[in-house]
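First the structure, in the form of structure tokens, and then the observations on it.
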Ligand code: ADP
Ligand code: ZN
Ligand code: ZN
């Protein structure tokens with residue numbers, strides 16, 4: 001360290017661009033001695049370009065003076081690091097492993113209000129003569145209009161732009177203009193997190209000392225006396241009360257400032273402000289946990305493995321009570337005063353589990369919920385850091401929470417696809433991050449599932465995880481029975497009505513007349529997945545994506561499930577003008593409608609992404625189902641997770657073949673997991689559960705394993721196939737997606753990369769090839785897949801070489817509009 005050299009900060013700013021930005025630290029921030037290392041992990045406000053400012057995160061501090069002039073940071077926003085004890089290790093590892101930019105990581109890891117930018121105001125930048133013109137030529141007409149509009153005023157926020165552009169989705173055009181450097185943002189700092197506070201009044205020192213004697217003193221000041229009496233009444237046996245309660249008692253709607261002031265001056269009252277948490281922490285009564293013998297045994301085995309420093313894979317059939325085993329394990333950790341992170345697939349889908357956990361632990365439970373407001377998320381963040389909450393239930397982003405005393409991590413339903421971040425960098429897998437965190441903190445990690453992922457299964461086989469089994473359902477409930485309905489046969493014998501076989505309808509009628517409930521699964525939302533012309537080959541397709549439009553009957557519109565655009569349903573064929581248009585296939589809305597005709601007396605509800613757009617509909621629907629107000633619940637994979645309803649003994653699957661033949665290497669694994677989870681929703685409490693599947697291939701081998709509940713046999717087979725054909729978990733995959741508004745440009749870029757990569761990687765490089773959806777949001781896409789041996793040196797070298805190559809490509813002017821997405825360990 002050199003005393004005379006100024007300190008420099010390497011700052012991550014929330015931009016997609018690569019790298020860190022260097023700023024000078026204002027001398028006032030640090031005394032001369034030693035590096036102010038506590039700045040690392042703190043947020044700072046920094047200038048950026050000519051007109052922008054950002055809140056960034058200090059990643060590093062050093063004294064290596066750069067050769068170019070640098071700006072000074074403007075403001076330090078935190079007095080201590082915001083990322084918790086191992087935050088720095090975690091961030092550094094994520095950057096290296098997931099090959100992402102610090103800005104992108106910041107975008108996913110920190111709650112929005114800790115990053116600002118959410119209230120960004122868009123402003124038009126001037127066209128730079130020499131470069132601007134050909135950029136301008138390439139712009140979409142809508143982008144040009146938006147730029148002209150922005151140029152007329154002081155700027156617009158996103159909402160205003162959205163309103164102005166109706167019916168178009170503004171994002172692609174904003175993005176295009178941003179990338180062309182034609183618009184920028186004026187960051188507004190008004191929305192930085194502010195805690196919610198409450199005013200309190202407490203008895204002052206003289207009141208406490210003199211007691212009721214003070215009343216006599218106040219006889220000549222009736223308003224003060226009145227206030228003191230009201231406060232006395234409200235506070236009851238305590239010495240304090242909220243100001244609002246006192247005012248309510250006095251029937252005042254304004255604070256009598258002068259009165260209060262005099263009382264404070266006399267030493268009779270003290271005014272305080274207290275911070276009020278917005279996140280609802282459910283303080284549970286600690287209920288005794290009564291494990292059954294099978295659970296006791298599993299818990300014991302898990303403990304033994306954990307004591308040896310091994311992580312555990314709890315393989316427990318559906319309804320075996322894995323939650324009770326987790327609770328038994330985590331209680332000890334809480335009793336030691338340590339924190340527990342409990343990861344769940346999607347928190348909105350598991351509110352039953354959250355309630356159950358809260359009942360059993362004696363501590364307050366924090367819930368990190370994607371539906372909570374930005375303010376609430378910041379509060380939980382701070383509570384975790386300050387130790388104000390010991391048990392946190394969270395979806396995948398919980399791995400970033402700033403723990404200080406973490407003692408255990410639980411990953412429930414560890415096979416669930418939602419643990420993997422999709423389509424956004426860093427494309428992290430929260431289960432893997434949890435295992436990594438466990439090793440850094442030196443704490444146990446418990447993974448649990450009825451159908452473990454191929455990765456965890458293989459890790460257990462090779463001894464990296466200790467597998468503990470729960471093979472029995474709780475309370476001796478039997479495993480569900482599997483029934484296959486051969487739709488080809490049913491059709492031949494005239495036993496099909498719409499989407500339903502008579503077998504399924506009869507089974508539903510039986511259940512309902514016995515006072516029970518039914519879950520019906522179809523993995524497609526909307527009414528019909530496509531609209532066809534009967535006179536020519538025309539199909540309604542999105543104008544920005546290579547996708548058929550889905551008909552949504554409730555709004556009588558066509559929707560693109562790729563970009564979200566909504567279109568009016570056309571009166572006739574766009575190609576030949578014929579009015580003979582037909583809807584093909586069916587989704588959950590259609591099933592709901594058919595049920596209305598086939599079983600008119602039955603109360604039906606639907607649970608899918610469309611149905612839960614409105615905020616509380618999800619829990620309202622589930623509550624109604626719980627009360628029995630709903631008899632049949634139709635849904636997408638939303639109904640496959642976690643639900644635990646005593647009234648359900650029948651689950652119907654309308655198209656069991658869907659998903660079996662996808663090209664993705666994980667298709668079989670996913671199908672098994674989904675169907676097993678669905679079956680697991682039935683017969684959990686009383687009677688025999690049953691899953692009835694409509695299929696055209698009743699003899700598919702996967703179905704045989706499901707029927708025999710032979711997950712181990714299935715997985716052995718699956719792993720054999722993976723090792724023979726070179727798929728994870730035996731090799732590592734890397735997917736690199738390229739996209740560009742022009743087909744020719746994305747092809748050119750891909751060819752250029754292939755030219756450099758092929759000679760080095762040889763057969764490890766696959767592609768470029770278009771993904772399933774070759775055009776998405778007006779961007780043409782191509783992708784490469786790179787296979788590499790596990791733990792190999794080549795993997796290490798790739799981790800440096802690939803980002804460098806991509807960076808080189810992206811810095812070329814002709815690739816200004818090129819986008820790159822790196823997906824490490826794609827699923
Ligand atoms: P899983 O996650 O393994 O499918 P759950 O943890 O949801 O199973 O448990 C299934 C049902 O059995 C739940 O309703 C749960 O409350 C109940 N249950 C499981 N174990 C016990 C136990 N030891 N005592 C009381 N209820 C239990
Ligand atoms: Zn036509
Ligand atoms: Zn689209």
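The values are calculated or read from the model by the stated rules, or taken from the named source; none is laboratory data. Quick caveat, the model's predicted, so the values are computed rather than measured. Because the Cβ atoms are built from the backbone with ideal geometry, glycine has one as well, and the counts that use them run over all protein chains shown.
Observations on the model:
- Qualifying positions in segment 358-370 - touching a residue at least 40 places away in the same chain (Cβ under 8 Å) and in contact with a helix residue (DSSP H, G or I) (Cβ under 7 Å, 6 or more places away or on another chain): 360, 361, 363, 365, 366, 367
- Any hit, segment 508-530, residues being modelled with pLDDT under 95, within 16 Å of ligand 2 (Cβ to nearest atom), within 28 Å of the chain's Cα centre (by Cα) and buried (at least 17 other Cβ atoms within 10 Å of the Cβ): no
- One residue from 314, 334 being more than 16 Å from ligand 3 (Cβ to nearest atom) and either at pLDDT 95 or above or touching a helix residue (DSSP H, G or I) at 6+ places or on another chain (Cβ under 7 Å) (or both): 314
- In summary, strands (runs of 3 or more DSSP E) completely within segment 533-615 and bearing 3 or more residues that are farther than 26 Å from residue 165 by Cα occur at 581-584, 604-607.
- Residues located in segment 648-668, provided they are surrounded by 21 or more Cβ atoms within 10 Å (Cβ to Cβ) and either modelled with pLDDT of 95 or more or closer than 17 Å to residue 635 by Cα (or both): 648, 649, 650, 651, 652, 653, 654, 656
- Residues in segment 532-571 that are touching a residue at least 24 places away in the same chain (Cβ under 8 Å), over 27 Å from residue 770 (Cβ atoms) and either surrounded by fewer than 19 Cβ atoms within 10 Å (Cβ to Cβ) or within 15 Å of ligand 2 (Cβ to nearest atom) (or both): 534, 535, 553, 554, 569, 570.
- Of the listed requirements (1) more than 16 Å from ligand 1 (Cβ to nearest atom); (2) surrounded by 14 or more Cβ atoms within 10 Å (Cβ to Cβ), residue 622 misses just one: (1).
- Failed item in (1) more than 18 Å from residue 527 (Cβ to Cβ); (2) buried (at least 17 other Cβ atoms within 10 Å of the Cβ); (3) modelled with pLDDT of 95 or more, with residue 604 passing the rest: (1)
- Residues being in contact with a helix residue (DSSP H, G or I) (Cβ under 7 Å, 6 or more places away or on another chain) and under 24 Å from residue 779 (Cα atoms) - total across segment 140-160: 5
- Top-ranked residue in segment 683-701 [being surrounded by fewer than 22 Cβ atoms within 10 Å (Cβ to Cβ) and closer than 16 Å to residue 656 by Cβ; ranked as nearest to ligand 2 (Cβ to nearest atom)]: 696
- Of the criteria (1) at pLDDT 95 or above; (2) within 16 Å of ligand 1 (Cβ to nearest atom), which one residue 474 fails: (1)
- Residue list for segment 510-532, filter: in a loop (DSSP other than H, G, I, E, B) and in contact with a helix residue (DSSP H, G or I) (Cβ under 8 Å, 6 or more places away or on another chain): 522, 523, 524, 525, 526, 527
- A count restricted to segment 631-652 and to residues that are in contact with a strand residue (DSSP E or B) (Cβ under 9 Å, 6 or more places away or on another chain) and either under 25 Å from residue 414 (Cβ atoms) or in a helix (DSSP H, G or I) (or both) stands at 11.
- Within the set 628, 704, 680, the sole residue that is more than 30 Å from residue 174 (Cβ to Cβ), surrounded by 21 or more Cβ atoms within 10 Å (Cβ to Cβ) and either out of contact with any strand residue (DSSP E or B) (no Cβ under 9 Å at 6 or more places or on another chain) or modelled with pLDDT under 95 (or both) turns out to be 680.
Yes or no, residue by residue, for (1) in contact with a helix residue (DSSP H, G or I) (Cβ under 9 Å, 6 or more places away or on another chain); (2) farther than 17 Å from residue 7 by Cβ:
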| site | (1), (2) |
| --- | --- |
| 40 | yes, no |
| 47 | no, yes |
| 54 | yes, yes |
| 57 | yes, no |
| 61 | yes, no |
| 66 | no, no |
| 76 | yes, no |
| 84 | yes, yes |
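- Within segment 552-585, the set of residues being under 26 Å from the mean Cα position of the chain (by Cα) and more than 16 Å from ligand 3 (Cβ to nearest atom) is empty.
- Criterion: part of a helix (DSSP H, G or I), surrounded by fewer than 20 Cβ atoms within 10 Å (Cβ to Cβ), out of contact with any strand residue (DSSP E or B) (no Cβ under 9 Å at 6 or more places or on another chain) and in contact (Cβ under 8 Å) with a residue 40 or more places away in the chain - qualifying residue of 433, 440: 440
- The numbered conditions (1) under 30 Å from the mean Cα position of the chain (by Cα); (2) surrounded by fewer than 18 Cβ atoms within 10 Å (Cβ to Cβ); (3) farther than 30 Å from residue 638 by Cβ are all true for residue 734 except (2).
- Helices (runs of 4 or more DSSP H) contained in segment 152-266 and holding at least 3 residues at pLDDT below 85 and within 44 Å of the chain's Cα centre (by Cα): 158-165, 171-179
- Check on residue 278, modelled with pLDDT of 85 or more and at negative phi: no
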